[in-house]
Each structure stands twice: as structure tokens, then as C-alpha cells.
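Accompanying notes for the structure given below.
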Amino acid sequence: MKIFIVGTGMDGCCTLTAQAAEAVRCAELIVGAERMTAPYRSSGKKLVCAYKPEETAELLKNSGVDCAAVLMSGDTGFYSGTKKLLPLLDFADTKVIAGISSLSYLCAAAGIPCENVRTVSLHGRCGSIAVNVRLNPVCFFLLGGDMSAGDVCRRLVSFGLGDAFVFIGERLGYDDERIVRGKASELTDYESGKLAVMLVSNPDALGYVPSAVSDEEFIRDKVPMTKAFVRCCAVAELDICRDSVCWDIGCGSGSVSVEMAYRCPDGKVLAFDKSPDAVRLTEENSRKFSADNILSVCGFCPDILRDAQAPDKVFIGGSSGALNDIFDLIRERAPKADIVVTAVSLETLHQAVGAFEMCGGSCSVSQVAVTDTHKVGSHTMLRAQNPVFIIKGRLV
């Protein structure tokens, strides 16, 4: 049996490549979502509306035809059902035919090269929006889930990115195609339909992952804060991935949360503190630094950790004496998580090392002693910060 998995472009007709059109012409059976199969209702071919991978594979296997075409919207390699369907078709001779993606189509309409665009799918999820725009000059968002184009613009404005320029594309390739341009701040009331995508251009994007952000950059009060160079070392020790789920326990002003958030733009940071002032400051700093993948929670640990999403990475900057209980919960919820604890006293160092040993884990200890300079009259003097111990380990 021959099966073509066909990328149909935007509308399934006008943007269909010649190779894709030939594959559809050869097929006895055409399978796809209703929107995909609609143009072929008068073709005389057998049409079946199906889009779930397992259902489609079973249907094809029992179809009895020699040649079938499965239609995928856009391109087969861009947020397509092809990824899940292809491994299920090992019973057939299968060929994948690329199509025109919504990314390449909208970039062409906007006159923007697409090779360096950061792509984010918001289909069926909220995703991290502002943090990606803060880090990247151009971002592409695939809408159609719970987030409309107006929702994205409101998020950008809320996190200090209202001047970012936006291109919203609706029903691309159809007769009623619509492309709207403007600043995010101008389009907060725009409500797009389900077939919508958008580009966000931010000429002021960082273009790098900030590390050791100056202490003066953060909104501060009387809440404790992990200082820049210690923060840099502690976060680096966690080896945070783009999609990591991170816990910041004892988040204070949120300085560690912000640097973690920049390292996991496809993940999230859950910031916990018993102090309402600390949670408020963390929220304010998350907005200042456009880190919308930070969720701040007020309460006592480990109690508030029990229902939180299990972490891949854990930073403990303050435990209020509950370190052993916190470790017990991490061992229960996420035994393979990387853990970093900072300690400024020998007692806390001893407790942290003991907590790893109590749980059967292992750890390494480093000490960071930072000395910076300051002016006294015409002289530049050295000023030592308190040394800090960084304890890193895993429980298994």
C-alpha cells in the first residue's frame, strides 16, 4: 500500500504544491479533517474525515485501497500531526510531501526572513509569550487555542512590551484572508478567529540569556535577595533546559526566578515564599523583566509544594528551618530533580549536606567569595561580600 502524507499549504488548493497535487490525484482514498477534505467533495474519490493518529492509521490499514493521501494543513514538519502518525504507518510504503507553512506564508507577507524566527505554539495552551519576545527579535505564535491575538497583545503590554510590532494573520490563503499590522498596545482589543497566527517583532530584544543581572536592576524592598555573582553561579549549577519546570523556594525578591525564567522560555518557574511582600516583589520583577513564565505562590513550604507541578530543577534560597521536610517532599515528587541550596552559615551548610545524606543522595559543595570595588574619595577600595556556600546534588 502507498500512503502519501501531504502538506496542503494554507487553504488546501491555491497553495498546494504541484508534487502534493499529483499525490492527491493518484490517491483512491483521501483522509483528513473536514476542512482539509472539503475541496475534494466533487472529485469522485472516497473521502473520510479523521484526524486522530491512531484512528487514521487503523482506517488506512483496513481501507483495502492501493493508494491513499492523508491531508495535513500547512507543512508536514511544522506543528503537524505527521509526527505522531508516521510511526504508526509501518505497514505501508509512506512518503511525506512538504507544504507551505503558516510561518513561511506570514513571514513572506510581512517581508520578514523566517530563518531566525522563534516559534511558539499556543494551540491548546497558554505558553510563555513575553519572555520569548524579550529574548528574541522576531517570534511567531501559532494561535487557535485559548489565546487570541488580543490576549497575546494584552500579555505583552502587561509585561512591558507594548511597543513590540505585531502582524496578525487570519484565514491565510482563503478569499477572506486578513493581515493586520500595528503595535501590541494598539491591538489589545483585537479578537482573532481560530485560524490565526501572528508575528511579533521586537528590535529591542536582548538576543542573549542574561546572567548575573545587576542587583540594582531589580525592584527591591527589605526582602532578602541573592546577589548577582552568587545567583549566577547557583543558577548555572542547575543546568536548566529550555523546557524545564523549576522551583524557587524562598524566592525573596525574585532575582533567581527571573534568571531561571530566561533559561526555560518553554518551561516555567514556580516561585514560593511565606512572605506576601516577597511574592509581591517577585511578581513586580517578573513584569519588569517580561518573565511571564514565573508563577508566584505565597505559603509555607513544604505544604504549598504538594500540589505544585513536579520540578526538574530546584533552588532553595530559604527554608525557614524546614529543609529536611522539603527534601522529603522532593524525594517523593521528583527524586531525579537537580537541587541547589545556598547557605551563608555553617549551620545551614551542615543541615543541607545532612539532608542530602538522609535521603540517600549525594552532593558537592563550593564556596563563592565575591569582592567588588567602590570609590572612597580618589581611591578605589575593595569591599568583600559575605562568602556563600553552594550545595548541589540529586537524591538518586
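Coordinate-derived values only; no laboratory data. This is a predicted model, so every value here is computed, not measured. Every residue, glycine as well, gets a Cβ built from its backbone with ideal geometry; the counts of neighbours run over all protein chains shown.
Here the residues Arg178, Arg383, ranked from fewest to most Cβ neighbours within 10 Å of their Cβ, fall in the order Arg383, Arg178. Along the charge dipole of the chain, Cβ charges K/R +1 and D/E -1, which of Cys139, Gly9, Gly299 sits furthest on the positive end? The Cα lying farthest towards the positive end belongs to Gly9. Per-residue packing, averaged as other Cβ atoms within 10 Å, sorts the ranges 219-227, 126-134 into the order 126-134, 219-227, beginning with the highest.
Grab the beta carbon distance between Glu216 and His350, set R0 = 41 Å, and tell me the FRET efficiency rounded to 0.05. Could you put the intermediate results ahead of the total?
Details: r = 33 Å, r/R0 = 0.81.
Efficiency computed from Cβ-Cβ geometry: 0.80.
Pairs of Cα atoms nearer than 8 Å and 6+ residues apart set the relative contact order; for segment 215-394 it is 19 percent.
For a footprinting-style exposure proxy, rank Met198, Met381 by other Cβ within 10 Å, fewest first. Ascending Cβ contact count within 10 Å gives the list Met381, Met198. When each of Cys246, Cys251, Cys67 is scored by the number of other beta-carbon atoms lying within 10 Å, the sequence from fewest to most is Cys67, Cys246, Cys251. Computed from Cα positions, the angle between helix 346-358 and the longest principal axis of the chain comes to roughly 50 degrees.
Within segment 215-394, all pairs of alpha-carbon atoms sorted by distance into 5 Å bins from zero give the percentages 1, 9, 18, 21, 21, 15, 8, 4, 2, 1, 0, 0. Put a dot 7 Å past the Cα of Val365, heading toward its Cβ, do the same for Glu54, and the two dots end up 5.2 nm apart. Restricting the calculation to alpha carbons of segment 103-201 gives Rg and Dmax of 11.9, 36 angstrom.
Within the set [x] 193; [y] 172; [z] 152, the number that volume of the Cα convex hull per residue in Å³ takes when calculated for this structure is listed as [y].
Full extension of the chain segment joining Val209 with Cys126 gains 27.7 nm, where the gain is 0.36 nm per residue of separation less the Cα-Cα distance.
Bridgeable lysines around Lys227 (alpha carbons under 26 Å apart, same-chain partners fewer than 8 residues away excluded): Lys268, Lys274, Lys288, Lys313, Lys375, Lys392. Here the sum of -39500 (n - 2.57) over DSSP H runs of 4 or more residues, divided by the residues of the chain, equals -7500 deg cm²/dmol at 222 nm, to the nearest 500.
Spatially, segment 311-342 and segment 6-35 are offset by 52 Å when compared through their Cα centroids. Stretching the chain fully between Ala109 and Met358 yields a gain of 83.6 nm (0.36 nm per residue, less the alpha carbon separation). Quick check: the distance between the Cα centres of segment 172-192 and segment 225-293, to the nearest angstrom? Using only Cα atoms, the two centres lie 34 Å from each other.
Farthest toward the positive end of the dipole of the chain, out of Ser319, Ser362, Tyr79, is the Cα of Tyr79, where the dipole comes from beta carbon charges about the Cα centre. Principal-axis analysis of the Cα atoms of the chain puts helix 228-237 at an angle of about 50° to the longest axis. Pairs of alpha-carbon atoms within less than 8 angstrom and 6+ residues apart define the contacts here; what relative contact order does the chain have, in percent? That works out to 11 percent. Taking 18 Å as the straight-line reach from the Cα of Lys95, the lysines in range (excluding those fewer than 8 positions away in the same chain) are Lys2, Lys61, Lys83, Lys84.
Charging the Cβ of each Asp and Glu at -1 and of each Lys and Arg at +1, and nothing else, the dipole of the chain about its Cα centre rounds to 300 debye. For segment 38-175, the relative contact order works out to 16 percent when only alpha carbon pairs closer than 8 Å and six or more residues apart are counted. Using the average count of surrounding beta-carbon atoms within 10 Å as a protection proxy, the listed peptides 386-392, 234-240 rank, highest first, as 234-240, 386-392.
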